[in-house]
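Everything below concerns the one structure shown next.
FYI, it's all coordinate maths here, none of it is from the lab. The structure presented is a predicted model; accordingly, all values stated were derived computationally and were not measured. Cβ sites come from the backbone with ideal geometry, for glycine too, and all protein chains shown count toward neighbours.
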Amino acid sequence: MVGSHTTKRYMMVILMKYSEEYIIMVVQRRKNWYGNNLSDVAKVWGRYFLPVGDEIDTNGIFTPEDVSEMLSLMWETYSDATQIKIFELSDLHDMCDNQDEQCEIQADIESLRVVLYDSLLDKACYTWITDNYEKYIEL
C-alpha cells in the first residue's frame, strides 16, 4: 500500500528530526496530564473479551505494553488513511480547473498534513512506551 510505505517514511523523518529525548518529553508531558492509565485500559479491554457473566480475573489478559502497542497500531492506521486522503485530494487538486475549489482543496490538504504529523507523533510516542515501559513508569 502506497500510504503505508509513505507513512513509514514520514515516521522515519519524525524519528530523525526529533530525537528520542523529544519523544520522551512529549510522553512525559502527556503522562503528567493524563496519568498512566494503560493498566486500567488493559483491565477494561480484558473484560470486553470475556464472555458475559464470567468472573475471571482480568489481570494478565492484556498488559500495559499490549495496550500501548495496540494504540500505536491505531495511530498507524489513522496515519495510513490520512496519507491516502492527502494523495486523493492532491490528485483532485491537480485536475480541478476552478480556483476557489483548488483553494478549498489545498486548505483541506494542509489540515490533513497537520493531522498526519500528529498521528505519526502519537504512534512514535506509543511505540516508545511499548519498547520502554519500565522507563515510562519512572517518568
Fill in the blank from the handout: By Cβ neighbour count within 10 Å, fewest first, I137, I86, I129, I109 rank I137, I109, I86, I129
Problem - Label point distance in nm, S19-C103, each placed 7 Å from Cα along Cα→Cβ - result: 4.3 nm
Problem - Förster radius 22 Å - calculated FRET efficiency between Y34 and R113 (Cβ-Cβ, nearest 0.05) - result: 0.30
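Where does each of S111, S72, S119 land when they are ranked from fewest to most other beta-carbon atoms within 10 angstrom?
Taking fewest neighbouring Cβ atoms as first place, the list is S111, S72, S119.
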Problem - Protection proxy ranking of 73-85, 93-105, 31-43 - average other beta-carbon atoms within 10 Å, highest first - result: 73-85, 31-43, 93-105
